Each structure stands twice: as structure tokens, then as C-alpha cells.
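Chemist: Okay, handing you the structure first.
The values are calculated or read from the model by the stated rules, or taken from the named source; none is laboratory data. Bear in mind that the values here come from a model prediction, so they are computed numbers and not experimental data. Heads up, the Cβs are rebuilt from the backbone with ideal geometry, glycines too, and the neighbour counts pull from every protein chain shown. Surface areas here come from the heavy atoms of the whole protein model, side chains and all, with no ligands, DNA or RNA. Shrake-Rupley method; radii C 1.70, N 1.55, O 1.52, S 1.80 Å.
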Amino acid sequence: MSSQDLESLDVEGIRQQFPILQREFDGQQVVYLDNAATTQTPDPVVDAMSDYYRQYNANVHRGIHHLSQEASIAYEEAHDRVAEFINADGREEVIFTKNTTESENLLAYSWGLNELEPGDEIVLTEMEHHASLVTWQQIGKRTGADVKYIRIDDSGRLDMDHARDLITDDTEIVSAVHVSNTLGTVNPVGELTDLAHEHGALSFIDGAQAVPNRPVDVEEIGADFYAFSGHKMAGPTGIGVLYGKQELLEDMEPYLYGGGMIRKVTFEESTWGELPWKFEPGTPPIAEAVGLHAAVDWLEDIGMDRIRAHEQELAAYAYDRLDAEGDVEIYGPEAGSDRGGLVSFNLEGVHAHDLTSILNDHTVAVRAGDHCTQPLHDKLGVPASTRASFYVYNTREEVDKLVAALDDARQLFA
Amino acid sequence: MGLGSDMYRQQILDHYKNPRNYGELEDPTFTHVGENPMCGDEIRIDVKLEEDGESDDEETIKQVAFSGDGCAISQASASMLSKELQGKTVEELLEMDRDDVIDMLGVDISPMRVKCAVLAEKVAQDGAEIHRGELDVDKTTTED
């Protein structure tokens, strides 16, 4: 894509589709820079969900009546659309869950509890989100498998030499975050997957911060499993995705049992239905699936390459501006490198929570805390950081407002 | 708006920058620690009660010291509490609630920061209850 195409991103037009971005608090328009936590939802997505509830709300799969047929088709087609979006082979490989965390737990319970045993090894990275870190840590305790962590270097990147040492024939699964929600690091997940496969291990990639912001092709990565959430990609809360290779999913035991997932049930035995329904018992998130479908359409209409370019540009701008302040410590890879659209930092002498409260007085919405990466913060040697994270509707002017508001904190805490 | 967030009035900043009774007591009657996992705030509180013969009431707080690390709200609250508690009875300490702490701070605390504000009070109260044998925890956390 040429740079001219990238420049043609119509941010003002995009912003018009988000009434929430016009909200004011104490006369100041909100500056929403908390997108790594959740993104805002554009009108077409809200409209699609509203249309579902107003026009064809019904339960799916088993209904003979018109409304259920429409709802079922919409629900099933949402799987097809997501499969196409990440280049999976088809709806059989796309399981709808509640969120990325549930996707990780589905895999950990269904595959991990049944397959892992003492002596096996689970390889994670030091920058894992608690969603995968805590899950594998606890599955390790229950199965006797050891959990090992690939180190990060001083620039916030994975030490791949260490990865090559850690991943051995004892490794059963390599679980890595695609884009770090704290450091912004973009990990070489294809290379990690290759390493896992060389040793007969599986790979699971946490794509919660990748799928919203860049083109993701699961076939190209080669990942066996890949997870992400709807609400971080202009879609609704309450829906997440677990992608898995069909032959692996077919061999896996269901994680949740109930209606809608079975082929045949007697008082003694049950057999499971087809993929992906085998992993989606009970009434699923139907309106949310409709919303996620609309979100994928909306994102692809803009173009994932453009979204990535816009976010990288904003992240680099924010990095440079914060860096130029002199009293701001920034975490993760240097500006200009391949980075996710976020910047985590600390202002010297001001606790992240105090800074974030002061930024809120300027209606600048950012996040403070450990961002569900406590061990990583321990390693960085700080209890918390402030994180500004961007999406397709953010502008340089908004970054300027963030930087300008730092002065207020400096004066208060001087 | 702008400079002088409601939450960061001069009194709070003063206690944060110049904490009162910061440190540890040589011979505390009880000592207790706690944390606010969400923020990473940590507080240790040492309390010395009046001893036999010193006063009519052995349950009166004679001296308080605190140490720790964290955001301005948590640390200023601990500093102010250390002053506030001197001369109070343990019963009065245990009767304190969230609103008393917010009154003591004298500012509006946004809902998400209340945990920072009440950490010191909870640590002191749990310490007193452990001292009385009514509670058994190693560390207080605001997530409980």
C-alpha cells in the first residue's frame, strides 16, 4: 500500500460514527486513550445489534420458525466472516467464547488438563497477560507440568536465544502474546510457532492486542490456536474467539457441557455435535456475534493495513513527545520499531494512579496499574505504569492534550 | 478545572510530601502490614497503646507510625490517620468507617480511588483485631 493511501484515512469521518467521542465532562471533550482495555463501538455495529433485537431475535440452531432461521443463519455466518477475516479454513475452526480469557481457559481445561502430565513443560513469555499466565500456572499445578518463561531483554523484546534453549522435546505447548498489552512489543509468533513445532509442541497465541490493530493471518503464523476479543476491535463485549486447527479441535474434549452441543443423549451417554458447536453449549452470544460480524466488516472497510499504519504513527508520535519531556520513563521497544498502538510510561516523582487521576481532570482517559502483567512490572521494577493506547479514531491533537496535561501533575507534585 | 484537581488539595499533597509519623516504632504494641494490589500501595502501621499504670485506659492509642510506598492518596491518608489516632481508643479506631476516612481527607475521592484512601485505616483496624485475638491474617488487602 502506498503512503498516499495511508494518508487518506478519514479520521474525522470515522469519528462521526462514534457519538461517545463527542461527550464532554466539565466542558471538555473526552480524549479516549484507553483502547487496549476496550475500544469504542461505531454506529454500524450498534445498529446491527439493535436491528437483531428489533427484527429477528430468537434462539438459534433448533428453531423451525422464521425468526429462529434468520437468527441461526446470522449467528453461523458470523463464524464464517471471522474465519475469513483471520484466514482460518472455515467456521469449524472458529469457536465463540466470552472473551480472550475464556478462550485461553477453554484450551487449558479441554486440552491442558487432559494431555499434560508431570515432566511436561509449558513455555510462556515474561510479558504474558494474566489471562494466559495465571491459567497455565494453575493448570501446571494441577497436572504437574512445569511452567517456564522466555526472558525479555532490556529493549522489551523476547530473548530468542533463551527461547531456543527453553523450547525442547519436553515442551508440550508454547503460549505467547502476539502484541504485548504493556510494552507494545510485537512478538515473532511465527518463529515461536516453528520452534514449538520442531519439538512436537503446540502453539497458542494470545492475539487480543493484535487482531484489532493489524492484519492477522493464522495460516501464515502457523499457530495451532489463536484467541482474541470482540470488544477490543470495535465490536461488543461478551464475545471472544478461539481459533483452533480443525484436526486438533476434533480430538479435544468439550470444556463446557449442555444443550446445543450434542449429537445424541441417553440417560447414560452423550456424543458431541459438529465443530464449532461442540464447544458452544447453551444459548450463545447471538447479538454479540451479529455485532462482531459488523465490526469485522467495518474494520475491513477501512483496511487493516491502514489501521496498523495509523496506530503506529500515533504510537511513535506519542513516544517521541513523551521522550522529549525528559522526565518520562517509557517501557518497551524504541520508537520507530514495529510496535502496537500503545505507550506505557511513568512520570518521575508521580505515582501512576495519581497521574491518571490528574489526566482524568483534563478528561484524558488512560489506564494506570499493572495492566494484568504484574510479574512483568515486578521485572521492570515499578508497581504500576500509565498506559495510553490508540485506535483508528485517535489524533495527534489528542496526544498533545495528554502531554500538555503532564505539566499539571508536575506542578502539583513538585 | 485544570490545576488543582479536587482530589489533590494542598493538605493531601502536604501530607504526601511531608509525611507525619513516618517510620517504625521501637516497641510497638502491635504492628501490621497491608497492600492495595490494584495500585501496588503498601503500608505498615505500628501502634503503641498506653501501658499499665500510664493511664486509666490501657486501650488508648499512645503513638502511631507508618511506613510504605504508594500513591499520594494512600500515603497521605496514612499520614493523616497516624495523627488522628493518637489519644483515641482502640474501640474508636474499630468504629471508623469509609466515610470517616473521607471526612478526614477533606476531599472528594473518586470511586475507583477509595481503596487507596482506606488502606491505612483497614491495616490499623486489622492490626488491632489481631492484637485482640479476634482476627488471623498475615496481611491486609483491600481486595478482600
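Chemist: Regarding segment A:271-288, can at least one residue be identified that is under 22 Å from the mean Cα position of the chain (by Cα), of a type in the set (Gly, Ala, Ser) and open to solvent by 20 Å² or more (accessible area, probe 1.4 Å)? Explain how you work it out, then say what you get.
Modeler: Going through segment A:271-288, the residues under 22 Å from the mean Cα position of the chain (by Cα) turn out to be A:276, A:279-280, A:284-288.
From the residues that got through so far, the ones that are of a type in the set (Gly, Ala, Ser) too are A:287.
Applying the additional criterion that residues be open to solvent by 20 Å² or more (accessible area, probe 1.4 Å) yields none.
No, every residue in segment A:271-288 fails to be under 22 Å from the mean Cα position of the chain (by Cα), of a type in the set (Gly, Ala, Ser) and open to solvent by 20 Å² or more (accessible area, probe 1.4 Å).
Chemist: Please name all residue pairs, on different chains or six or more residues apart, with Cβ atoms under 7 Å, provided the first residue is in segment B:84-95 and is open to solvent by 30 Å² or more (accessible area, probe 1.4 Å) and the second residue is part of a helix (DSSP H, G or I).
Modeler: Filtered contacts from segment B:84-95: B:84/B:104; B:94/B:125; B:94/B:128.
Chemist: Do the conditions hold for residue B:7, that is, is it modelled with pLDDT under 85, open to solvent by 40 Å² or more (accessible area, probe 1.4 Å) and in contact with a helix residue (DSSP H, G or I) (Cβ under 9 Å, 6 or more places away or on another chain)? Steps first, answer last, please.
Modeler: On the way: modelled with pLDDT under 85: yes; open to solvent by 40 Å² or more (accessible area, probe 1.4 Å): no; in contact with a helix residue (DSSP H, G or I) (Cβ under 9 Å, 6 or more places away or on another chain): yes.
No.
Chemist: For residues in segment A:1-39 being within 14 Å of chain B (Cβ to nearest Cβ) and loosely packed, with under 12 Cβ neighbours inside 10 Å, which is modelled with the lowest pLDDT?
Modeler: A:26
Chemist: Further question: Within segment A:320-344, count every residue that is surrounded by fewer than 24 Cβ atoms within 10 Å (Cβ to Cβ) and out of contact with any helix residue (DSSP H, G or I) (no Cβ under 7 Å at 6 or more places or on another chain).
Modeler: Selection size over segment A:320-344: 10.
Chemist: Please determine, by comparing only the residues of segment B:24-44 that are open to solvent by 20 Å² or more (accessible area, probe 1.4 Å), under 14 Å from the mean Cα position of the chain (by Cα) and touching a residue at least 40 places away in the same chain (Cβ under 8 Å), which one is nearest to the other protein chains (Cβ to nearest Cβ).
Modeler: B:35
Chemist: Report yes if residue A:103 is free of Cβ contacts under 8 Å to residues at least 24 places away in the same chain, open to solvent by less than 60 Å² (accessible area, probe 1.4 Å) and assigned to a helix (DSSP H, G or I), otherwise no.
Modeler: So residue A:103 does not fit the description; no.
Chemist: Just name the residue that is nearest to residue A:413 (Cα to Cα) out of those in segment B:63-114 that are of a type outside the set (A, V, I, L, M, F, W, C), assigned to a loop (DSSP other than H, G, I, E, B) and away from every other protein chain (no Cβ under 13 Å).
Modeler: B:106
Chemist: Please count how many residues of segment A:149-175 are farther than 21 Å from residue A:222 by Cβ and touching a Leu at 6+ places or on another chain (Cβ under 8 Å).
Modeler: Residues meeting the conditions: 4.
Chemist: Another question, if that's okay. Scan segment A:223-269 residue by residue and report those that are more than 22 Å from residue A:205 (Cβ to Cβ), open to solvent by 50 Å² or more (accessible area, probe 1.4 Å) and without any contact (Cβ under 8 Å) to a residue 24 or more places away in the chain.
Modeler: A:263, A:264, A:265, A:266, A:267, A:268, A:269, listed by residue number.
Chemist: Would you be able to tell me the number of residues in segment A:347-365 that are within 12 Å of residue A:387 (Cα to Cα) and either open to solvent by less than 20 Å² (accessible area, probe 1.4 Å) or hydroxyl-bearing (Ser, Thr, Tyr) (or both)?
Modeler: The qualifying residues number 7.
Chemist: Now for a different question. It is to be established whether one or more residues within segment A:347-370 are away from chain B (no Cβ under 14 Å) and assigned to a loop (DSSP other than H, G, I, E, B).
Modeler: For segment A:347-370, residues away from chain B (no Cβ under 14 Å) and assigned to a loop (DSSP other than H, G, I, E, B): present.
Chemist: For segment A:227-247, enumerate the residues that are closer than 14 Å to residue A:90 by Cα and touching a strand residue (DSSP E or B) at 6+ places or on another chain (Cβ under 9 Å).
Modeler: Filtering segment A:227-247 for residues closer than 14 Å to residue A:90 by Cα gives A:241-247.
Hits for segment A:227-247 are A:241, A:242, A:243, A:244, A:245.
Chemist: Go through segment A:371-414 residue by residue and tally those that are within 11 Å of chain B (Cβ to nearest Cβ) and among the polar types (S, T, N, Q).
Modeler: Count: 3.
Chemist: With respect to residue A:408, determine if the residue is acidic (Asp, Glu), touching a residue at least 40 places away in the same chain (Cβ under 8 Å) and more than 16 Å from residue A:343 (Cβ to Cβ).
Modeler: yes
Chemist: Quick one: which of A:161, A:165 is over 28 Å from residue A:335 (Cβ atoms), open to solvent by 20 Å² or more (accessible area, probe 1.4 Å) and not polar (S, T, N, Q)? Before you say what the answer is, go through the steps one by one.
Modeler: Details: A:161 fails: over 28 Å from residue A:335 (Cβ atoms).
Exactly one residue qualifies, and that residue is A:165.
Chemist: Another one. Is it true that residue A:290 is assigned by TED's automatic domain parsing to the domain that holds residue A:93 and either touching a residue at least 40 places away in the same chain (Cβ under 8 Å) or not in a helix (DSSP H, G or I) (or both)?
Modeler: yes
Chemist: Turning to a different aspect of this structure: Looking only at segment A:69-83, which residues are without any contact (Cβ under 8 Å) to a residue 40 or more places away in the chain and either surrounded by fewer than 18 Cβ atoms within 10 Å (Cβ to Cβ) or not in a helix (DSSP H, G or I) (or both)?
Modeler: A:69, A:70, A:73, A:76, A:80
Chemist: Does residue A:314 satisfy the criteria of being open to solvent by less than 30 Å² (accessible area, probe 1.4 Å), away from chain B (no Cβ under 14 Å) and in a helix (DSSP H, G or I)?
Modeler: In short, yes.
Chemist: Has segment B:45-56 got any residue that is within 14 Å of chain A (Cβ to nearest Cβ) and either in a strand (DSSP E or B) or not aromatic (Phe, Trp, Tyr) (or both)?
Modeler: no
Chemist: List the pairs whose first member sits in segment B:7-19 and is within 13 Å of residue B:69 (Cα to Cα) and within 11 Å of another protein chain (Cβ to nearest Cβ), whose second member is open to solvent by less than 10 Å² (accessible area, probe 1.4 Å) and assigned to a helix (DSSP H, G or I), and whose Cβ atoms are under 6 Å apart, counting only residues at least 6 apart or on separate chains?
Modeler: Here the result reads B:16/B:72; B:16/B:76, each pair linking segment B:7-19 to a residue that is open to solvent by less than 10 Å² (accessible area, probe 1.4 Å) and assigned to a helix (DSSP H, G or I).
Chemist: Is it the case that residue A:399 is out of contact with any Ser or Thr (no Cβ under 9 Å at 6 or more places or on another chain) and under 30 Å from residue A:298 (Cα atoms)?
Modeler: Considered against the rule, which asks whether it is out of contact with any Ser or Thr (no Cβ under 9 Å at 6 or more places or on another chain) and under 30 Å from residue A:298 (Cα atoms), residue A:399 comes out as yes.
Chemist: Let me ask another. Scan segment A:107-130 for residues that are assigned to a helix (DSSP H, G or I), crowded, with 24+ Cβ neighbours inside 10 Å and touching a residue at least 60 places away in the same chain (Cβ under 8 Å) and report the count.
Modeler: 3
Chemist: What single numbered condition from (1) closer than 23 Å to residue B:133 by Cβ; (2) open to solvent by 30 Å² or more (accessible area, probe 1.4 Å); (3) at pLDDT 95 or above fails to hold for residue B:21?
Modeler: Only one criterion is unmet by residue B:21, namely (1).
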